[in-house]
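The structure appears below as structure tokens.
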Amino acid sequence: MKKIFFSIVTFLIAASGNSQTAEEYFNRGAEKSNLEKYSEAIEDFTKAIEINPHNAIYYCYRANARVCNQDYIGAVIDYTKAIEINPSYADAYSNRGNAKMILIDYRGAIIDYTRAIEIEPNFAQAFSNRGLAKIFLGQKDDGCLDLSKAGELGLDFAWDAIQEYCK
């Protein structure tokens, strides 16, 4: 009996010593992303999500790492999950728009950038990216207006894009 009890206690101590919290996995994944170890970061973000599947930030960070690994479809899926959890997550909409731009889904990107701007009306990067998506769809006038708004909001890149696309 003592052997069984000792074995159970030993197992519980070992198991509790190896368990990490979702936040610990998330932080480790963020560190790995900073070191450009994106596949390892994705593994850690996935573990964080397995422990706490209701944290939109975990999905968004995993999506960002997927983008860096050129898994744009996987990124769109993760950004979508982040948005389902937190429908007011402007960065998730904007980042999903960026992934859609790479996938040449300009209409989908415009919808996402528009939603990000509705949530954060001074989101300069979303205005700029929406402007480019509109220009790529042949909506030059509307696109240039968005680029101009992004420039007014302080995004210097927008002025460069105006010089390239709006003359």
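The values are calculated or read from the model by the stated rules, or taken from the named source; none is laboratory data. These numbers come from a predicted model, not from an experiment. No Cβ is skipped: glycine too gets one built from the backbone with ideal geometry, and neighbour counts run over all protein chains shown.
Only one entry of Arg107, Arg66 meets the criterion of being over 27 Å from Gly138 (Cβ atoms) and assigned to a helix (DSSP H, G or I), and that entry is Arg66. For Lys149, indicate whether it is farther than 20 Å from Ile102 by Cβ and without any contact (Cβ under 8 Å) to a residue 40 or more places away in the chain. The answer is yes for Lys149. Being in contact with a Phe, Trp or Tyr (Cβ under 6 Å, 6 or more places away or on another chain), without any contact (Cβ under 8 Å) to a residue 60 or more places away in the chain and not basic (Lys, Arg): is that true of Asp112 here? Judged against the criteria, Asp112 is a match. Looking at Ile119, Ile73, Ile104, can you tell me which residue is aliphatic (A, V, I, L, M), outside the structural domain of Ala158 (by TED's automatic domain parsing), out of contact with any strand residue (DSSP E or B) (no Cβ under 6 Å at 6 or more places or on another chain) and over 22 Å from Ala22 (Cα atoms)? Only one candidate passes the filter, namely Ile73. Quick one: how many residues across the stretch 58-87 are β-branched (Val, Ile, Thr) and buried (at least 18 other Cβ atoms within 10 Å of the Cβ)? Total meeting the criteria: 3.
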